[in-house]
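Enquirer: Here's a structure for you.
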Amino acid sequence: MAALSVKPGQRFTVPEWHTDVQLTSADAERQRSASHQVRQEARALRNETNNQTKWDEHDNQTRLAERISSVNRWKETLDKCLADIDAEIDALAKVKEAAECALQAKNLPLDVSIECLMLREGRCSIDVVRDPVEEELHKEVKVIDKVKRELQQRVNEAFEQLCLLQEARQQLSCDHRCKTEALEVDRVCLSLNVNSPNISFKVNPTRVPDGSTALAEWEQKSRCNKEHAEAEIKTSTKLREAAVLAIAQTNNELEAQRVATEFALRKRIRDLERAYDELKWQEQNTLEEIAEMEEDIRCLDEDLRRKIQDLKVAHTRLETRTYRPNMELCRDQVQHGLTDEVHQLEGTIRALKRKLAESQDALDTLYRQLHRIRASVDCKASSLVLDNKCLDSRRKLVLPDEKFVPELDTFHRS
């Protein structure tokens, strides 16, 4: 018979075997229990973290959407402010241009007023008077200077306000541009998900970037920009209305002064025409009187020559009768008559000479007066020409340049 082989090593007893089976079974139970606990905890953790992650993502999605909505509302507000400020800038620029045009238009009335004053400096003699026309012209120059200063002030104020509006618009535009970029960034963030191709880990993403601002500060900054722009628009609106009113008032004031000046000028021209006509009438009458006086002087002179001849005859008769002989040399009626005739003729001649001298003096006075009248007529004619030139020059104030044709030789009188 062959011999049985015996396995080398330790031999365990049956009770030890049962004990080992029981221990293994108990360990398996514990491990399964522990594993079950871990699985349950893992499931709970998964559910909790999944829910937390989902809700966190949902909350952040909502926050992003709300933030986008908030930024978009501010962007729309800034859009409206930008539109309003652009409209106000255009309106104020037009008013400024209108004020500049009005200011430029005042150069012509000023030139015309100065031209009229210079023309009237050409008056001569007694016509160089400070009449109502000259006073109105000086007043017109002062009014135009005042109007120009006021319009220049309005132009300067409009320019300064335009600069302030541009500055406010620049701030709004910068804020609007930043919000537009922020909207694009947040919309990109809102569109991201786990399947997006451009997601990755970043270095220290939770850091606070330099230059970060608080939400209240961000909102306050936008509100300040909006309120600043609205305040500048309000100020600009008041300034624009004041400028429009000033342009209208200055135009009315200048028009009233122009009417007053032209009224005084036309009245002065009528006065000059009446004075001219009166002087021409006086000149004609003086010429007639001179002609009559010259005729009377000629008659007086002839009468004087005849009386001298008559006196010579009387003298000759008296002298001749002194040669009567002896008793014939008596003082008869002829002698007395001739003597009376001599005395009468001498008195007549003296009277005629006095009257001739008076008449000559009167004639000289008439000639001097005629000279003064003609000089005054020439002055009045010259003044009429000058004032009519002034009136013609002032037509440029009411007629367009292309329709203005100077009236030459407006004063013609014989």
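Results for (1) of a type in the set (A, V, I, L, M); (2) touching a residue at least 60 places away in the same chain (Cβ under 8 Å), shown as yes or no for each residue.
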{"residue": "E150", "(1), (2)": "no, yes"}
{"residue": "N156", "(1), (2)": "no, no"}
{"residue": "L164", "(1), (2)": "yes, yes"}
{"residue": "C189", "(1), (2)": "no, yes"}
{"residue": "N193", "(1), (2)": "no, no"}
{"residue": "S200", "(1), (2)": "no, no"}
{"residue": "V208", "(1), (2)": "yes, no"}
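Enquirer: Given the criterion of a type in the set (D, E, K, R) and over 30 Å from L165 (Cα atoms), identify the matching residue among R67, R30, R73.
Expert: Step by step, each of R67, R30, R73 is checked, and only R30 is of a type in the set (D, E, K, R) and over 30 Å from L165 (Cα atoms).
Enquirer: A further question follows. How many residues are in a loop (DSSP other than H, G, I, E, B), surrounded by 10 or more Cβ atoms within 10 Å (Cβ to Cβ) and among the hydroxyl-bearing types (S, T, Y) if we restrict to the range 198-228?
Expert: Matching residues across the range 198-228 total 1.
Enquirer: Could you grab me the full set of residues in the range 387-405 that are open to solvent by 70 Å² or more (accessible area, probe 1.4 Å) and either modelled with pLDDT of 80 or more or not acidic (D, E) (or both)?
Expert: K389, V398, K403, V405
Enquirer: Kindly indicate whether K106 is at pLDDT below 90 and either over 20 Å from S376 (Cα atoms) or charged (D, E, K, R) (or both).
Expert: Judged against the criteria, K106 is a match.
Enquirer: Would it be correct to say that S33 is of a type outside the set (V, I, T), more than 30 Å from Q153 (Cα to Cα), open to solvent by less than 60 Å² (accessible area, probe 1.4 Å) and without any contact (Cβ under 8 Å) to a residue 40 or more places away in the chain?
Expert: Considered against the rule, which asks whether it is of a type outside the set (V, I, T), more than 30 Å from Q153 (Cα to Cα), open to solvent by less than 60 Å² (accessible area, probe 1.4 Å) and without any contact (Cβ under 8 Å) to a residue 40 or more places away in the chain, S33 comes out as no.
Enquirer: Let me ask something additional. So which of L384, L329 ends up being modelled with pLDDT under 90 and open to solvent by less than 50 Å² (accessible area, probe 1.4 Å)?
Expert: L384
Enquirer: Anything in the range 101-125 that is touching a residue at least 24 places away in the same chain (Cβ under 8 Å) and farther than 16 Å from L386 by Cα? List them, or say none.
Expert: A102, L103, K106, L108, P109, L110
Enquirer: Please name all residue pairs, on different chains or six or more residues apart, with Cβ atoms under 7 Å, provided the first residue is in the range 299-328 and is in contact (Cβ under 8 Å) with a residue 40 or more places away in the chain and closer than 11 Å to L352 by Cβ and the second residue is assigned to a helix (DSSP H, G or I) and of a type in the set (S, T, N, Q).
Expert: Listed by first residue and then by second, the contacts come to L300/S359; K307/T348.
Enquirer: A further question on this structure: Answer yes or no as to whether C101 is under 26 Å from D84 (Cα atoms) and surrounded by fewer than 11 Cβ atoms within 10 Å (Cβ to Cβ).
Expert: For C101, the condition - under 26 Å from D84 (Cα atoms) and surrounded by fewer than 11 Cβ atoms within 10 Å (Cβ to Cβ) - is not met.
Enquirer: Here's something else I'd like to know. Please specify each residue of the range 228-241 satisfying the condition of being of a type in the set (A, V, I, L, M, F, W, C) and more than 14 Å from A93 (Cα to Cα).
Expert: Of everything in the range 228-241, those that are of a type in the set (A, V, I, L, M, F, W, C) and more than 14 Å from A93 (Cα to Cα) turn out to be A229, A231.
Enquirer: Can you report the number of residues in the range 48-66 which are at pLDDT 90 or above and touching a helix residue (DSSP H, G or I) at 6+ places or on another chain (Cβ under 7 Å)?
Expert: Number satisfying all stated conditions: 1.
Enquirer: Follow-up. Name the residue, out of R274, R240, R258, R268, that is surrounded by 13 or more Cβ atoms within 10 Å (Cβ to Cβ) and out of contact with any Leu (no Cβ under 8 Å at 6 or more places or on another chain).
Expert: Criteria check complete, one pass: R268.
Enquirer: On to the next question. Considering each of R149, R169, R154 in turn, give the residue that is within 30 Å of V71 (Cα to Cα), at pLDDT 90 or above and either in contact with a helix residue (DSSP H, G or I) (Cβ under 7 Å, 6 or more places away or on another chain) or open to solvent by 50 Å² or more (accessible area, probe 1.4 Å) (or both).
Expert: Selected residue: R169, the only one of R149, R169, R154 that is within 30 Å of V71 (Cα to Cα), at pLDDT 90 or above and either in contact with a helix residue (DSSP H, G or I) (Cβ under 7 Å, 6 or more places away or on another chain) or open to solvent by 50 Å² or more (accessible area, probe 1.4 Å) (or both).
Enquirer: Turning to a different aspect of this structure: Does any residue of the range 358-367 turn out to be without any contact (Cβ under 8 Å) to a residue 24 or more places away in the chain and under 60 Å from the mean Cα position of the chain (by Cα)?
Expert: Yes - at least one qualifying residue is present in the range 358-367.
Enquirer: Among the residues of the range 41-89, how many are in contact (Cβ under 8 Å) with a residue 40 or more places away in the chain and of a type in the set (K, R)?
Expert: 2
Enquirer: Something else about it: Test K54 against the stated conditions and say whether it is within 30 Å of L165 (Cβ to Cβ) and open to solvent by 50 Å² or more (accessible area, probe 1.4 Å).
Expert: Answer is no for this residue.
The values are calculated or read from the model by the stated rules, or taken from the named source; none is laboratory data. From a predicted model like this one, the values you see are computed outputs, not experimental measurements. A quick note on method: Cβ atoms are made from the backbone with ideal geometry, for glycine too, and the neighbour counts reach across all protein chains shown. We work out accessible area using only protein heavy atoms, side chains counted, and drop any ligands, DNA or RNA first. Shrake-Rupley method; radii C 1.70, N 1.55, O 1.52, S 1.80 Å.
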